[in-house]
1. With r as the distance between the Cβ atoms of Phe194 and Ala18 and R0 = 45 Å, compute the FRET efficiency 1/(1 + (r/R0)^6) and round to 0.05.
2. Would you kindly derive the ³J(HN,Hα) couplings of region 192-207 from the backbone phi angles with the Karplus curve 6.51 cos²θ - 1.76 cosθ + 1.60 (θ = phi - 60°), listing them in order in whole Hz, with x for Gly and Pro?
3. Residue by residue, what Karplus-based ³J(HN,Hα) values in Hz, rounded to whole numbers, does region 99-109 have, using 6.51, -1.76 and 1.60 with θ = phi - 60° and x for Gly and Pro?
4. What are the ³J(HN,Hα) couplings of region 209-219, residue after residue, when phi is run through the Karplus curve with 6.51, -1.76, 1.60 and θ = phi - 60°? Round to Hz, x for glycine and proline.
5. Would you mind telling me which residue in Phe211, Phe153, Phe180 has the biggest mean-square fluctuation in a Gaussian network model of the chain, where springs connect alpha carbons within a distance under 10 angstrom?
6. Using the Kirkwood radius built from alpha carbon pairs, what does the Stokes-Einstein equation give as D for region 172-218 at 20 °C and 1.002 mPa s, in µm² per second?
7. Take every Cα-Cα pair in the chain and report what % of them are more than 32 Å apart.
8. How do 120-130, 73-83 rank on mean C-beta neighbours within 10 Å, highest first?
Amino acid sequence: MNIYAIRAIYKFEMARTARTLMQSILAPVLSTTLYFVVFGSAIGSRIDEVGGVSYGAFIVPGLVMLSLLTQSVTNAAFGIYFPKFTGTIFEHLSAPVSFLEIVIAYVGAAATKSVILGVIILATATLFVPLRIEHPLWMVTFLVLTAVTFSMFGFIIGIWADGFEKLQIVPLLIITPLTFLGGSFYSIDMLPPFWQKVTLFNPVVYLISGFRWSFYGIADVSVTISLIMTALFLIVCLAAIWWIFKTGWRLKS
């Protein structure tokens, strides 16, 4: 394992975050704060408790997941796309660095940024709603596992994209709608039976449900199933990345 190569790429990606602090950290935090104000305070005051939890507190895990998913995908996608755009990706491919070390560095940096953002949003949420975490270890597990998984997914998007506009297609047109429809602002038990079954095909449901359980001990689906679904998606992404580096798809052309 080439630790020096991993450290160099990781430090470079983290330094890019410091240079784009407004876009990487402040903008997502401000937008999430607006959700707290609008949904948690204005609308939440007119809604009864959900599962014994105030509505403002109930939506906190969903809002954290909304930012975590979109930022993980975006950070990882931009991180690997820029070397492709500038041509420096060929230096990585020709250097004595394995695909696993490249993935660890880029995905690790993207996941670190997302976890930091998630922690900041949680700290911000305490200013608006009474927050409790019944299972802190599981909360950290879901937070890190989700950040790593979707950073891998973003890594794939960055390799697939051949233009800056494509980097935004998946986060804006797929990830964000799935998160909104995955129980961020409601429990799927509130839906009619037919739509409850349809919603279960949304993979984000399992992430939000498991993450919310770590806070309040309530979940729309089994926590075990949530972990299995997240781990399965992680394995699929890792297999896809291995295939990309093995075949050179979108890397050597």
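Computed from the coordinates by the stated procedures, all read-outs in this text should not be read as laboratory data. Given the structure is predicted, the values throughout are model-derived calculations rather than measurements. Neighbour counts run over all protein chains shown; Cβ positions are idealised from the backbone, glycine included.
1. Details: r = 48 Å, r/R0 = 1.08.
So the FRET efficiency works out to roughly 0.40.
2. Here the 3J(HN,Hα) series is x, x, 4, 6, 4, 5, 5, 4, 5, 7, 8, x, 5, 3, 5, 5 Hz.
3. 4, 5, 5, 5, 5, 4, 5, 5, 5, x, 5
4. Along region 209-219, the couplings run 4, x, 5, 5, 4, 5, 8, 10, x, 10, 8 Hz.
5. Phe180
6. Rounded, D is 196 µm²/s.
7. Counting every Cα pair in the chain, those more than 32 Å apart make up 23 percent.
8. 73-83, 120-130
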